[in-house]
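The values are calculated or read from the model by the stated rules, or taken from the named source; none is laboratory data. Because the structure is predicted, anything quoted here is derived from the model rather than measured. Because the Cβ atoms are built from the backbone with ideal geometry, glycine has one as well, and the counts that use them run over all protein chains shown.
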Amino acid sequence: MSQIDRLRSIYTGESGLPGVTTMYFDPAEGLNPQDLADRVKDFWQSIATSLTDDLTIQVDSQVDSIDSTTGEVTSSTGVTPPDPVVGSNSGDPLPLSTQLLVQLRTGVYFTGRELRGRYFIPGWCESENVAGKPTSSVISFVQSAAQDLADDSDQIVFSPTKNQFADVSTTTVWSQWAVLRSRRD
């Protein structure tokens with residue numbers, strides 16, 4: 001049995017929220033749950049200057065341990081929740097559906113397909129938008145922050161349908177705005 005850690009970040013503040021980003025990590029690499037929560041908070045804090053001041057991101061107060069062979073939660077560890085991260089850009093916010101897409105690549109293949117992951121980041125402002133696309137500076141600094149998080153926290157991609165996981169090797173930020181739709185749309 002292999003255990004993996006799951007940590008969620010919850011978005012509030014804008015109309016249409018709450019929202020959530022779920023990230024997975026390999027606890028075998030030595031980070032305790034509190035350090036993990038603090039590193040995820042540091043990631044959000046590093047990009048907060050570009051996010052609307054209407055957005056608040058709270059890293060969850062528990063880290064769930066998941067059995068990677070079944071996908072079921074086996075235990076939860078409470079952590080002292082880091083202080084919420086509040087965006088600090090007072091500019092005109094873009095629509096909530098306009099989100100930045102962070103793509104996670106592993107270089108590991110199962111049944112002929114690469115195990116990949118992604119997460120969406122809402123809360124951007126018009127000042128981060130040029131001709132309907134994210135600015136190159138936003139793409140660059142978010143990609144750098146995402147890669148730092150992946151490297152410093154042993155972030156993984158977990159497939160609950162295949163019960164497989166692999167370390168994130170590279171992160172990329174899509175050069176277009178993305179739209180996250182629920183599975184109920």
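Remarks
- Within the range 94-179, strands (runs of 3 or more DSSP E) holding 1 or more residues that are modelled with pLDDT under 95: 100-110, 113-121, 155-159, 164-167
- Condition check for Y24: in contact (Cβ under 8 Å) with a residue 24 or more places away in the chain and closer than 18 Å to D167 by Cα: yes
- Residue within the range 126-135 that is in contact with a Ser or Thr (Cβ under 8 Å, 6 or more places away or on another chain), closer than 19 Å to S46 by Cα, in contact (Cβ under 8 Å) with a residue 60 or more places away in the chain and acidic (D, E) present: yes
- Test: residue in the range 55-66 that is farther than 26 Å from N129 by Cβ and in a helix (DSSP H, G or I): no
- For P81: the one exception among (1) within 18 Å of K41 (Cβ to Cβ); (2) part of a strand (DSSP E or B): (2)
- Entry remark, the range 76-103: residues being among the hydroxyl-bearing types (S, T, Y), exposed (fewer than 14 other Cβ atoms within 10 Å of the Cβ) and over 14 Å from Q176 (Cα atoms) number 3 in total.
- Residues in the range 27-54 that are farther than 25 Å from A166 by Cα and in a loop (DSSP other than H, G, I, E, B): D53, D54.
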